[in-house]
Amino acid sequence: MKKIIMTGGGTAGHVTPNIALMPALKEAGYDISYIGSYNGMERGLIEAQGIKYYGISSGKLRRYFDWKNFSDPFKVLKGYFQAIRLIKKIKPNIVFSKGGFVSVPVVLAAKFCKVPAIIHESDITPGLANRLAIPRSKKVCCNFPETMKYLPKDKAVLTGSPIRAELFGGDPNKAIEYCHFTDTTKPILLIVGGSSGSKVINDSVRKVLPELLEQFNIIHLCGKGNLDSSLDGLVGYAQFEYANKELTDMFASADLVISRAGANSICELLALRKPNILIPLSAAASRGDQILNAKSFKRQGFSVVIEEESLNDKLLLETVNSTFKNKEQYIKAMNASGQIDSIGAIISLIKETSI
């Protein structure tokens, strides 16, 4: 049996594509081990899959001043030597990295141990962690055609993003029951603010709830610590910090989605053919990757985009109404997208590159 080490962490976007690949990897005969940070959010997600998990020291490499910039390089160095020991112990045929800073020492250690590494970059432009790891990789998978120009020509492979198979098996009736919606004739608006929630989106939606509820039942995934108890019991409104197994049913029930523009999230919306409004994280609070992702989807006719700086009550209501009214044109564009079999493409690449 061949062996693979997977790595990636820090956010759900660095973990869920790895999880999506696991059933196909097992079917292809790979024994899977995972290297992440000691106590990162990836640990619980991976251990829930029954996968062997190894924690290593991890530090963040920042573009701005922080006192931790003086100590974190030593954490990365420690993680590098820990990763070397693990690779020598596990003896994998290949390493697959989804990015995040915990992945950097693992990819560097794989190069040292002469084990090939494949990287997956979700966003249009590579993040800092992947930029550090790309020179040590054999191949770099990406989601967007626009990304190819930022990658070495001999390494770049357009694969798209692996989508969890269970997302396609949702039951809308289960979501309606779970959310206690009584008027089942209303369409459902699903609001997703990312794995940690979005205060901007939460506040904007709640300001116009009375108007939105005239037309929609609303499922609001608002992030940990962001529930508003004053809205408990409001007819047609169901709020949750997050959703686990219920998410597939919620996606199945949704007629329209408001979302951040993380690459994996929007690729799931494309795969599920869900009309959507994207509100990307502002450049002031990020490196601007979500803005580029959103612009790409808008350009291809898959999404409507509201810039965070422009968001207001009137614009939100007008955009929801117009997008829902014209939802069929977005579904048509997504149906014509010629989406890649991402899992199949990546598994083939792993087989070809394994030693």
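The values are calculated or read from the model by the stated rules, or taken from the named source; none is laboratory data. These numbers were taken from a predicted model, which means no experiment stands behind them. Positions of Cβ are backbone-derived with ideal geometry, glycine not excepted, and every protein chain shown enters the neighbour counts.
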For ILE306, indicate whether it is surrounded by 12 or more Cβ atoms within 10 Å (Cβ to Cβ), in contact with a strand residue (DSSP E or B) (Cβ under 8 Å, 6 or more places away or on another chain) and modelled with pLDDT of 95 or more.
yes
Tell me, which helices (runs of 4 or more DSSP H) lie completely within segment 266-351 with 1 or more residues that are within 17 Å of ASP123 (Cα to Cα) and under 19 Å from the mean Cα position of the chain (by Cα)?
289-299
List the number of the failed condition for ILE347; all other conditions in (1) assigned by TED's automatic domain parsing to the domain that holds LEU212; (2) in contact (Cβ under 8 Å) with a residue 40 or more places away in the chain hold.
(1)
Number of positions in segment 163-192 that are buried (at least 20 other Cβ atoms within 10 Å of the Cβ) and modelled with pLDDT under 95
3
So which helices (runs of 4 or more DSSP H) stay within segment 1-96 end to end and still have 1 or more residues that are assigned by TED's automatic domain parsing to the domain that holds ASN143, under 23 Å from the mean Cα position of the chain (by Cα) and modelled with pLDDT of 95 or more?
16-27, 41-47
What pairs come up if the first residue lies in segment 230-252 and is free of Cβ contacts under 8 Å to residues at least 24 places away in the same chain, the second is assigned to a helix (DSSP H, G or I) and surrounded by fewer than 18 Cβ atoms within 10 Å (Cβ to Cβ), and their beta carbons are under 7 Å apart, counting only those six or more places apart or on different chains?
GLN239/LEU231
For the subset of segment 124-153 comprising residues that are part of a helix (DSSP H, G or I) and of a type in the set (Gly, Ala, Ser), which member is surrounded by the most Cβ atoms within 10 Å (Cβ to Cβ)?
ALA133
